[in-house]
Amino acid sequence: MILFEVEATPAGTSVTQTFTFEKAGRYQIICTMPGHFAAGMKGILTVS
């Protein structure tokens, strides 16, 4: 399991985050704010 944490971002703004992966693959990303995951705030990060 790989864990990264990004600070909450206010609506209408953006943040750039850089990650380094040792191997290609598909990694699940989720929002851990209460209720957000259940509301669909999740996705797949594809590293090639």
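Since every read-out is calculated from the coordinates, none of them should be taken as a lab result. The shown structure was predicted, so the numbers you read here are calculated from the model rather than taken from an experiment. We place every Cβ from the backbone using ideal geometry, glycine too, and count neighbours over all the protein chains shown.
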*asked:* Tell me yes or no: at least one residue of region 24-33 is part of a loop (DSSP other than H, G, I, E, B) and among the charged types (D, E, K, R).
replied: no
*May I ask you to say which residue of THR9, THR46, THR16 is assigned to a loop (DSSP other than H, G, I, E, B), among the β-branched types (Val, Ile, Thr) and either in contact with a strand residue (DSSP E or B) (Cβ under 6 Å, 6 or more places away or on another chain) or exposed (fewer than 10 other Cβ atoms within 10 Å of the Cβ) (or both)?*
THR16
_Can you say whether PHE4 is surrounded by 10 or more Cβ atoms within 10 Å (Cβ to Cβ) and part of a loop (DSSP other than H, G, I, E, B), as far as the supplied structure shows?_
no
